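The block underneath contains the structure these notes are about, expressed in structure tokens.
The values are calculated or read from the model by the stated rules, or taken from the named source; none is laboratory data. Keep in mind the model is a prediction, meaning the values are calculated, not measured. Don't worry about glycine lacking a Cβ; one is built from the backbone with ideal geometry, like all the others, and counts go over all protein chains shown.
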Amino acid sequence: MSDSFLVLDAGDVQVALEAAQVEEIADPPAGRPLPRAPRHLVGLASVRGRPLPLVDLACLVQLPEASSPPARLVVLRHGEARTGLLVSRVRGVVASERRPVTACVGSALRALAAGEIDTPAGIAIELDAGLLVEAARAL
């Protein structure tokens, strides 16, 4: 049985999220920097009247820095927690079957991986929303 996934780029790596856990996609808002926050937590913004932590996804999963700054905001919801992921590109939604990770990926990315899926542009690493939100909020 196939599931729906939102495929996006974190730096130059293709990743995916369960589409049902994505609340919205938008242009990145201006955020307020947080003193002494970890590098991946780039700030806090108000989105739809609610505070939203802004997380550079490529930095969080320790990918090489992209040649351009994050271009899109993906609001991920897991339970009551919302996290704003700053990503390089949103590719779209695909239907695919999840399978265990076989791709060669770094340990930080593998620690957040739920599996991998096939997309028209190749393999994408599916990120576990719960683990991602937990890692993004870790200080």
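Can you name every residue in segment 30-63 that is under 16 Å from the mean Cα position of the chain (by Cα), in a loop (DSSP other than H, G, I, E, B) and not β-branched (Val, Ile, Thr)?
Matches in segment 30-63: ARG39, HIS40, GLN62, LEU63.
Restricting the search to segment 91-112, which residues are small (Gly, Ala, Ser), at pLDDT below 95 and under 17 Å from the mean Cα position of the chain (by Cα)?
GLY106, SER107, ALA108, ALA111
I'm trying to understand the selection: among the residues of segment 61-90, which are crowded, with 21+ Cβ neighbours inside 10 Å and modelled with pLDDT under 90?
Passing the criteria: VAL61, LEU63, PRO70.
Filter segment 117-139 for residues that are in contact with a Ser or Thr (Cβ under 9 Å, 6 or more places away or on another chain), surrounded by fewer than 19 Cβ atoms within 10 Å (Cβ to Cβ) and in a strand (DSSP E or B) and give the result.
ASP118, THR119, ILE123
Take ALA114 and tell me if it is crowded, with 19+ Cβ neighbours inside 10 Å, outside any loop (DSSP other than H, G, I, E, B) and touching a Pro at 6+ places or on another chain (Cβ under 8 Å).
No, not satisfied.
Looking at the structure I just gave you, is ARG48 basic (Lys, Arg), surrounded by 13 or more Cβ atoms within 10 Å (Cβ to Cβ) and either farther than 22 Å from LEU109 by Cβ or touching a residue at least 60 places away in the same chain (Cβ under 8 Å) (or both)?
Spelling it out, it is not the case that ARG48 is basic (Lys, Arg), surrounded by 13 or more Cβ atoms within 10 Å (Cβ to Cβ) and either farther than 22 Å from LEU109 by Cβ or touching a residue at least 60 places away in the same chain (Cβ under 8 Å) (or both).
Which of the residues spanning segment 1-29 are of a type in the set (Gly, Ala, Ser), in contact with a strand residue (DSSP E or B) (Cβ under 7 Å, 6 or more places away or on another chain) and either farther than 22 Å from GLY79 by Cβ or modelled with pLDDT under 90 (or both)?
Hits for segment 1-29 are SER2, ALA10.
Of these, SER96, SER88, SER46, which one is under 13 Å from VAL13 (Cα atoms) and hydroxyl-bearing (Ser, Thr, Tyr)?
Going through SER96, SER88, SER46 in turn, just one is under 13 Å from VAL13 (Cα atoms) and hydroxyl-bearing (Ser, Thr, Tyr): SER88.
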